[in-house]
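Colleague: Following this message is one structure expressed as structure tokens.
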2 protein chains.
Amino acid sequence: MPIAGPVAPRTSERTTLDPLPFDAVAFTGNGMLAAWQETNAQATLAHCVAQLEASGTLDNLRIAAGQKQGEFVGFQFADSDVFKVLEAIGWEAGRGDVDALTGFVDDTVALLQAAQEEDGYLDSHFQVARPGEKLTDLRWGHELYCLGHLLQAGVAWVRTTGRRDILEIGLRFATLVDERLGAGGTDAVDGHPEVETALVEVYRLTGEKRWLDLAQRMIDLRGNQLVGPDRFGYGYFQDHAPVREVDGATGHSVRQLYLAAGVADAYVENGDDALLEALERIWADIHSSKMYVTGGLGSRHRDEAFGDPFELPPDRAYAETCAAISSVMFNWRMLLITGEGRFADEMERALYNAVATSTTPDGCNFFYSNPLQVRTHRDGEHEQAPARRVPWYDCACCPPNLARLVASLHSYAATIRDGALQLHLYESGRITLPDATATITTDYPFDGAIRIDFDAPFAHEVALRVPAWASSFALTVDGTAADLPVTDGYLRVPGGSIRSIDLTLDMPAVVREPHPHIDAVRGCVVVTRGPIVYALEQPDLPDGVVIEDVRIDADAGVTVDGTGSGSPKLRVRLAQLEPVRAGLYPVRTGGATTLVDTMDVALVPYYRWGNRGPGGMRVWLPTT
Amino acid sequence: MPIAGPVAPRTSERTTLDPLPFDAVAFTGNGMLAAWQETNAQATLAHCVAQLEASGTLDNLRIAAGQKQGEFVGFQFADSDVFKVLEAIGWEAGRGDVDALTGFVDDTVALLQAAQEEDGYLDSHFQVARPGEKLTDLRWGHELYCLGHLLQAGVAWVRTTGRRDILEIGLRFATLVDERLGAGGTDAVDGHPEVETALVEVYRLTGEKRWLDLAQRMIDLRGNQLVGPDRFGYGYFQDHAPVREVDGATGHSVRQLYLAAGVADAYVENGDDALLEALERIWADIHSSKMYVTGGLGSRHRDEAFGDPFELPPDRAYAETCAAISSVMFNWRMLLITGEGRFADEMERALYNAVATSTTPDGCNFFYSNPLQVRTHRDGEHEQAPARRVPWYDCACCPPNLARLVASLHSYAATIRDGALQLHLYESGRITLPDATATITTDYPFDGAIRIDFDAPFAHEVALRVPAWASSFALTVDGTAADLPVTDGYLRVPGGSIRSIDLTLDMPAVVREPHPHIDAVRGCVVVTRGPIVYALEQPDLPDGVVIEDVRIDADAGVTVDGTGSGSPKLRVRLAQLEPVRAGLYPVRTGGATTLVDTMDVALVPYYRWGNRGPGGMRVWLPTT
């Protein structure tokens, strides 16, 4: 029996692509994604476990279980951090050895069993701090959000190892929720979507229709203002309009995208074109007017919301790590449904930039928000506007979310359908197919050359994604140049007896400009190469030159040194502004800006910024 | 005995200028400021009284007084809205007839007397909702903030009418606070500064040194982290560093500026150059890097804070009305101390733009935040990001704050020192001096001609402010052209037997550009004329042209029609962008923007925007 990964549709009626078994894909070599998975396994997971203890998050459960005295600490959804770490270890268990973490898992399962009440209820915040309010404050209580994460942890462990105890705990609580809030019960929705996608996955795993029905009910009830009035308004909770009627993306970005992922899952199992059409509108709205070039989503700090179309400030970009992660999840589901490369393109953009930048190379320090600009005189480091990554947060949703994504990252690389193989993310590795094994060799995302070798002649079509950023490419099949069209974002090599494919995506450095409606970066450009967005950092500027005073000579182009192995050096021509100022709002002279010096300076991949001490950073560079 | 106005120093040792008596200045005619005062008197005050009733704010006090059953409603500082309305009526009582409001004042005084406890305590939030926590949650409780507003109301009524009952109520509470938190009591500061300036004013009125000592103690204790840890950090409360050591403006902008006003008042009475130097640093920081062109302050929505230097987004400008009001208060105090025109210039900027825009012409609808850009697809109207003015707010601090400022607005127009007269704000009116009456005739701020007539030969110097925006002017004294230098922002006409002065400030429309470090409006310009900032509004664009698609031809200049009486028409040349787009982040072409049409379009004074229904607005116009 093959091991299923994080999204495993039960029917293929409404999908175009099927996920491969979780253990059918392995990243090998030392590419960016392989290294990330390795760091996650070797460092991040244990770091998260230690932080759950140090932060008092596990103590909350011990107090709920009567094993300890004390008060609940942290946010009301702190339990979800425990569940996400359990899920991450669960996926890692399907990839390799997690012996060092098994003690934590066993202890935590025993703790959850001890804390769970007779009727199945389990939420340490309410058990300890608000025992009289269980399942009555769905707007802010996050109980179903936490349940969703518990169920996802349960699903991961059953799928990768057959271990069922976590799922059983979740199902006991889910049963109570179904009795209270299921059909015939109270009409209510959680203020933070998440349980929807989890319930569909439980249905997929167990085959019990009641969980799909409950997920569908939660989706269908949404948009009736059941969360009640709040200073943030109904849109914040995506409770302003029924899902089928929304125009686009609204409110808190993580809530919006978790909901979209759940709706996509429900659509796949239950159908209803109106749901898919709504998802397309949400996607189009985001990707035409509400997304940073890094794939970051949600610009507003105040309510962690998308904001207005084209409201994309680089400095006050909230761009929460969890929003970029949930964008990967949403795009993956849309890719499975449609088979269209635009979804994989956006998954790739978020992954290599907004998601990747959130972690230090050691895997143990994290950003919560991911700005595209930090000024020299940045107002310190703190949760919502950081200038450097920190080991943990009071609101610790992001690090465990990263851990579970990265532990399952390989499952987003390729799909299958009727024997045909589709490649979405390029990374050196091995794909075990029913009738052959494919070996991928590449230095992607730093080099565009990708080679696929089959250990036996491959009889089926192989579809290779050609990202929208790749304006030209060369394809060779079994040593012979092939001229094939790109359809829906993929080159489709017909099946036969394929032994090897070479795809070379031309990967020049590209200077991009913003849509003219993006006010906040008017007059600026960004340098990208392949899927990687680059940034300028203060440490790369000559002494005495402040990042706020430089302008890029966009006509001078970008020099790329050292392609082919690892990260190449990109260099641009900068000029320094005359630092004399005439006040905040001087009379316009109409004259040219005075430039006092020019210099050639290296850029860094955005995902590597902030690893050399404090200092200014800019993704968008003002032009001369 | 002359009536004193809102700021009445007891010593002139550390000031350069003295306020005139409150009733020595009267705006006459129908100029902008006169009309504003009239609307405030005729409409805003009664509107505020009605809203205090409708919002339940008065009921809070009735519940505290045991006259009514119910729960506290609104924010913890709701009482302060009552006090500010009382203060506003108190100043208005020094200007004219407030008979229609006397019933409200008498009833409210009786209510406050009934609600006040035996020991002097008075704060309906704590009395009704948190009786066990009185004076223990200074970080967020706002009790001293409310007390400050109560004292200011008391001071206003004593000064303008001799009515003492409101002050007596305040003094009873202040006595309790002094016993608990004064010298020898608990070391503590309020999370929201305000009581400092109020206590100094009480000292000025009563001569009782204990109130000055208490104010000084609150200032000296600040910066020791006495407010305790908070997610917003100590800087939010200006409790991060002792006042004498701060580098610049930090945190919540209204808190910062109320504190600065209180420090200025304490400096004037007690001295200590280190305090004045700190105020100069705060002022310089704000006016060199943290102020909108409208005088709006505090860009961040999340914590209503200044943000980093040059972080001045026009769309997400928080720019709370109260921050601009408190900027007027701070600048006025610095003007009295130094006599330098730069403070009057900034008072003027805030008043005619950021403050003035917050109200509809009928005086009954208000903005809380004052953005410099609203997009066509603005995400609705709500408290913190409005696209239109509304009658009241859950957090209703701004409307009553406006009412008290406007009722006393004439007292900011001129000062005296040793017989010499200084004119700061130009508005048609009358100034009664000890030895003459001056009549001012002008259409300022829409015309730069200002005439001053004395009814008797004036023997003292007359200083006339020449705003920094005025690059040229003409001065005539008694019909003869005079060539005098501008020193510290003023033309100083020597005393003798002056009968008339004509000052004509040239007032061309000016195209201004932002400091190159203000990223958010790079490539944009703003049109100003005199002190007035102009904006482009959607209703002035031809049908089918969306405000996001227009660019200004800054080289084409600005046409000014109809100067001399009322608001002239300013027209600019705009071009429309080719609406074809190549996605959010297209490859830079390096080519010129495609323009499909040009048009001449009228601008509106920023303070009049949003009075013609919903639609986009921009202060900063992108250039072609």
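Colleague: Out of the stretch B:527-545, which residues are in contact with a Pro (Cβ under 8 Å, 6 or more places away or on another chain) and within 14 Å of chain A (Cβ to nearest Cβ)?
Modeller: Listed by number, the residues that qualify are B:R529, B:G530, B:P531, B:I532, B:V533, B:Y534.
Colleague: Determine, yes or no, whether A:L475 is under 22 Å from A:E348 (Cα atoms) and crowded, with 21+ Cβ neighbours inside 10 Å.
Modeller: So A:L475 fails the test.
Colleague: Could you identify the single residue in B:A35, B:A50, B:A26, B:A54 that is farther than 21 Å from B:G170 by Cβ, open to solvent by 40 Å² or more (accessible area, probe 1.4 Å) and touching a residue at least 60 places away in the same chain (Cβ under 8 Å)?
Modeller: On inspection, the qualifying residue turns out to be B:A54.
Colleague: Looking at the stretch A:283-325 only, could you name the residues that are among the aromatic types (F, W, Y) and over 28 Å from A:Y412 (Cα atoms)?
Modeller: A:F310
Colleague: Would you be able to say whether some residue in the stretch A:92-111 is charged (D, E, K, R) and touching a residue at least 12 places away in the same chain (Cβ under 8 Å)?
Modeller: Scanning the stretch A:92-111, I find at least one residue that is charged (D, E, K, R) and touching a residue at least 12 places away in the same chain (Cβ under 8 Å), so the answer is yes.
Colleague: Among the residues of the stretch B:552-582 satisfying the criterion of being at pLDDT 90 or above and facing chain A (nearest Cβ under 9 Å), which is nearest to the chain's Cα centre (by Cα)?
Modeller: Restricting to residues being at pLDDT 90 or above and facing chain A (nearest Cβ under 9 Å), the top hit is B:A554.
Colleague: Going residue by residue through the stretch A:254-269, is there one that turns out to be within 13 Å of another protein chain (Cβ to nearest Cβ), in contact with a Pro (Cβ under 8 Å, 6 or more places away or on another chain) and of a type in the set (F, W, Y)?
Modeller: Checked against the condition, which is being within 13 Å of another protein chain (Cβ to nearest Cβ), in contact with a Pro (Cβ under 8 Å, 6 or more places away or on another chain) and of a type in the set (F, W, Y), the stretch A:254-269 yields no hits at all.
Colleague: Quickly run through the stretch B:214-234 and pick out the residues that are without any contact (Cβ under 8 Å) to a residue 24 or more places away in the chain, part of a helix (DSSP H, G or I) and either among the β-branched types (V, I, T) or within 14 Å of chain A (Cβ to nearest Cβ) (or both).
Modeller: Of everything in the stretch B:214-234, just one residue is without any contact (Cβ under 8 Å) to a residue 24 or more places away in the chain, part of a helix (DSSP H, G or I) and either among the β-branched types (V, I, T) or within 14 Å of chain A (Cβ to nearest Cβ) (or both), namely B:Y234.
Colleague: Pull up the stretch B:113-163, narrow it to residues that are open to solvent by 10 Å² or more (accessible area, probe 1.4 Å) and β-branched (V, I, T), then point me to the one that is nearest to B:L259 (Cα to Cα).
Modeller: So the residue we want is B:T136.
Colleague: I'm trying to understand the selection: among the residues of the stretch A:380-389, which are farther than 25 Å from A:Y258 by Cα, out of contact with any helix residue (DSSP H, G or I) (no Cβ under 9 Å at 6 or more places or on another chain) and either modelled with pLDDT of 85 or more or not aliphatic (A, V, I, L, M) (or both)?
Modeller: Once the filter is applied, which keeps residues that are farther than 25 Å from A:Y258 by Cα, out of contact with any helix residue (DSSP H, G or I) (no Cβ under 9 Å at 6 or more places or on another chain) and either modelled with pLDDT of 85 or more or not aliphatic (A, V, I, L, M) (or both), the stretch A:380-389 yields A:E381, A:H382, A:R388.
Colleague: So, one more: If only one of B:F77, B:F72, B:F27, B:F83 is among the hydrophobic types (A, V, I, L, M, F, W, C) and under 25 Å from B:A463 (Cα atoms), which one is it?
Modeller: Just a single option satisfies the conditions, and that option is B:F27.
Colleague: Ok, one more. Looking at B:L221, B:L205, which one is open to solvent by 10 Å² or more (accessible area, probe 1.4 Å), in the same structural domain as B:D137 (by TED's automatic domain parsing) and under 20 Å from B:E87 (Cβ atoms)?
Modeller: B:L205
Colleague: Further question: Only one of (1) under 24 Å from B:A156 (Cβ atoms); (2) in a helix (DSSP H, G or I); (3) free of Cβ contacts under 8 Å to residues at least 40 places away in the same chain is not met by B:G132, so which one is it?
Modeller: The failed condition is (1).
Colleague: Exactly one of (1) small (G, A, S); (2) in contact with a Ser or Thr (Cβ under 8 Å, 6 or more places away or on another chain); (3) touching a residue at least 24 places away in the same chain (Cβ under 8 Å) is unmet by A:G496. Its number?
Modeller: The one condition A:G496 does not meet is (2).
Colleague: Report every pair of residues separated by at least 6 positions or lying on different chains whose Cβ atoms are under 6 Å apart, first residue within the stretch B:58-83 and open to solvent by 50 Å² or more (accessible area, probe 1.4 Å), second not in a helix (DSSP H, G or I).
Modeller: Going by the 6 Å Cβ cut-off, the qualifying pairs are B:R62/B:K68; B:V73/B:G56; B:F75/B:C395.
Colleague: Right, here's the next one. Does A:V177 qualify as being touching a residue at least 24 places away in the same chain (Cβ under 8 Å), under 24 Å from the mean Cα position of the chain (by Cα) and assigned to a helix (DSSP H, G or I)?
Modeller: No: the conditions fail for A:V177.
Colleague: Next up: Checking the conditions here, which among B:A396, B:A414, B:A354 is surrounded by 24 or more Cβ atoms within 10 Å (Cβ to Cβ) and within 14 Å of chain A (Cβ to nearest Cβ)?
Modeller: Result of the check over B:A396, B:A414, B:A354: B:A354.
Colleague: Out of curiosity, is A:A174 farther than 18 Å from A:F83 by Cβ, hydrophobic (A, V, I, L, M, F, W, C) and open to solvent by less than 40 Å² (accessible area, probe 1.4 Å)?
Modeller: No; evaluated as a whole, the condition is false for this residue.
Colleague: For the stretch B:513-550, enumerate the residues that are open to solvent by 30 Å² or more (accessible area, probe 1.4 Å) and among the polar types (S, T, N, Q).
Modeller: Result: B:Q538, single match.
Colleague: Within the stretch A:505-512, can one find any residue that is more than 12 Å from chain B (Cβ to nearest Cβ), open to solvent by 10 Å² or more (accessible area, probe 1.4 Å) and at pLDDT 95 or above?
Modeller: yes
Colleague: Take the stretch B:235-265 and flag every residue that is in a helix (DSSP H, G or I) and hydrophobic (A, V, I, L, M, F, W, C).
Modeller: Within the stretch B:235-265, B:F237, B:V243, B:V254, B:L257, B:L259, B:A260, B:A261, B:V263, B:A264 meet the criteria.
Colleague: Then there's this: Consider the stretch B:277-299. How many of its residues are part of a loop (DSSP other than H, G, I, E, B) and either among the aromatic types (F, W, Y) or open to solvent by 10 Å² or more (accessible area, probe 1.4 Å) (or both)?
Modeller: So the answer is 2.
The values are calculated or read from the model by the stated rules, or taken from the named source; none is laboratory data. Bear in mind that the values here come from a model prediction, so they are computed numbers and not experimental data. So basically every Cβ, Gly included, is an ideal-geometry build from the backbone, and we count neighbours across all protein chains shown. These area figures cover heavy atoms from the full protein model, side chains too; ligands, DNA and RNA do not enter into them. Shrake-Rupley method; radii C 1.70, N 1.55, O 1.52, S 1.80 Å.
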